[in-house]
Amino acid sequence: MSGAALKTTTGLTGLAVSKHPHQILGTLYGKILRTLQKMPESATYRKHTEAIIKERGDVLHTTPAVEEVERKINCGQIEELIVQAENELQLARKMLMWKPWEPLAKVAPPNQWSWPPAQPTKQH
């Protein structure tokens with residue numbers, strides 16, 4: 001199978017075969033990367049997401065066969081990768097608004113970040 005969609009169904013209810021998956025996914029990956037570049041380089045979300053998107057983008061640009069892209073990325077059919085990328089773009093845009101890399105507005109309560117949470121003691 002070439003880069004063009006030759007399959008007739010994804011086999012997944014409500015998920016149609018993409019006619020131009022390389023183009024759509026490449027565009028989404030580009031939008032995600034541009035959104036991430038608006039975040040500080042030190043932001044954990046940016047660093048990890050950028051690494052994943054760049055790796056997937058490299059696979060997409062160097063692999064013309066859809067099945068091979070799916071096999072190399074190993075996260076579902078290319079149509080599912082498109083849905084994942086759409087969701088990641090939405091999240092990246094929300095992260096820009098939320099700015100989780102900024103300091104907390106007030107000091108966190110003691111043990112806020114401890115796991116497992118402290119269990120209340122039983123009184124007899």
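Computed from backbone phi, the HN-Hα couplings of the stretch 36-51 come to 5, 5, 7, 9, x, 4, 7, 5, 4, 4, 4, 4, 6, 5, 4, 4 Hz, rounded to whole numbers (Karplus: 6.51 cos²θ - 1.76 cosθ + 1.60, θ = phi - 60°; Gly and Pro given as x). Taking Cα atoms only, the orientation of helix 78-98 departs from the longest principal axis of the chain by about 40 degrees. Note on the chain: Rg/Rh from Cα positions, Kirkwood definition for Rh, rounded to two decimals, is 1.17. On the basis of the beta-carbon distance and an R0 of 22 Å, Val83 and Lys47 show a calculated FRET efficiency of 0.40.
Averaged per residue, what accessible surface does the chain expose to a 1.4 Å probe, in Å²? Can you show the working numbers first?
Values: 8980 Å² over 124 residues.
Per-residue value: 72 Å².
Phi-derived couplings, Karplus 6.51 cos²θ - 1.76 cosθ + 1.60 at θ = phi - 60°, listed residue by residue for the stretch 22-28: 4, 5, 5, 5, x, 5, 5 Hz, with x used for Gly and Pro. Surface composition of the chain: carbon and sulfur atoms hold 56% of the protein heavy-atom accessible area at a 1.4 Å probe. Dipole size of the chain about its Cα centre, with +1 on Lys/Arg Cβ and -1 on Asp/Glu Cβ: approximately 480 debye, rounded to the nearest 20.
The values are calculated or read from the model by the stated rules, or taken from the named source; none is laboratory data. All of these numbers come straight from a predicted model, not from anything done at the bench. As a convention, Cβ positions derive from the backbone with ideal geometry for all residues, glycine included, and neighbour counts pool all protein chains shown. Just so you know, the surface numbers come from the protein's heavy atoms only, side chains and all, with ligands and any DNA or RNA stripped out. Shrake-Rupley method; radii C 1.70, N 1.55, O 1.52, S 1.80 Å.
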